[in-house]
Amino acid sequence: MSRDHFFFYIFTVLIYGIIICLGSISPADAAKPPDPTEQFQPFVEKIVTILTDPDLQGKEKCIQRREKVMKVVSECFDFHEMSKRVLGRTWRKLSKDEQENFARLFTRLLEHAYIGKIEGYSNQEVVFKDQRVKGERAQVTTDILDKDTVITVLYIMMLKDGMWKVYDIVVEGVSLVRNYMDQFREILRKEGYASLLKQLEDKVTELETSNG
């Protein structure tokens, strides 16, 4: 499977799997963390509703539709944590402003590189299989059923302020964060951070222009 085709699946899964629970926690449950799967499941329909909304169809509604999708994505995906992990040790060398700038740029890269791929939604089914919780870390395992294809996807989460935030996705054994980390490490080693930042800026500009 080609890299573009592989990450088509990653971001499709990422978007279809965006599910959060906005219900309040009763005093009796306040002392224990929420269940990752229960918090993750109820809002799959929220994304599907956006993708299938008749008022949001067509190329002229593309920007509006993507903004709505990314608003939901940002509620339960921790792009700041993703950015920190893909940069590795380099992250600690950056100022706070530089970190925030990189996180914004990396989020835009993910948005424009992959969000356009999911606009052909055709009723793929997400089946929640099991979960593992250890302290403030959790892993939720799902299968994505797409006709005769079954894709196993792991959502790696961190508990922050009482909510599970996804900071990595593993598709068929390959980590989204690890893949980018390896690519960025090579650029950092050979060309330095300034070059990496310039390449990301150029790529985001290219994608924004082509996606219109």
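Rule-based calculations on the coordinates, nothing more; no lab input. As the structure is a computational prediction, the values presented were derived from the model and not from experiment. Cβ atoms come from the backbone with ideal geometry, glycine included; neighbour counts cover every protein chain shown.
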Under 14 Å Cα-Cα from Lys198, which aspartates and glutamates qualify once same-chain neighbours fewer than 8 residues away are excluded? Glu98, Glu206
Among Lys93/Lys203; Lys96/Lys165; Lys134/Lys203; Lys61/Lys129; Lys160/Lys190, the pairs whose Cα-Cα distance exceeds 27 Å are Lys134/Lys203; Lys61/Lys129; Lys160/Lys190
Which of the peptides 69-75, 187-193 is most tightly packed, and how do the rest follow, judged by the mean count of other Cβ atoms within 10 Å per residue? 69-75, 187-193
At 20 °C and 1.002 mPa s, what whole-number value in µm²/s does Stokes-Einstein give for the translational diffusion of region 47-155, with Rh from the Kirkwood sum over Cα pairs? 131
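Is region 44-83 rounded, prolate or oblate when judged by the Cα gyration tensor, a ≥ b ≥ c being the square roots of its eigenvalues, rounded requiring a/c under 1.5 and prolate requiring a/b larger than b/c?
The shape class here is oblate.
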Using r as the Cβ-Cβ distance of Thr52 and Asp146, and R0 as 22 Å, what FRET efficiency do you calculate, to the nearest 0.05? 0.85
Farthest towards the positive end of the dipole of region 51-108, among Val86, Phe106, Leu56 and with Cβ unit charges of +1 on Lys and Arg and -1 on Asp and Glu, lies the Cα of Val86
State the answer as a single residue: which of Tyr155, Cys76, Ser95 lies farthest towards the positive end of the charge dipole of region 62-178, with beta carbon charges of +1 for Lys and Arg and -1 for Asp and Glu, about the Cα centre. Ser95
I want to check the label-to-label distance for Glu191 and Arg92. Put each point 7 Å from Cα in the C-beta direction and report it in nm to one decimal. 2.6
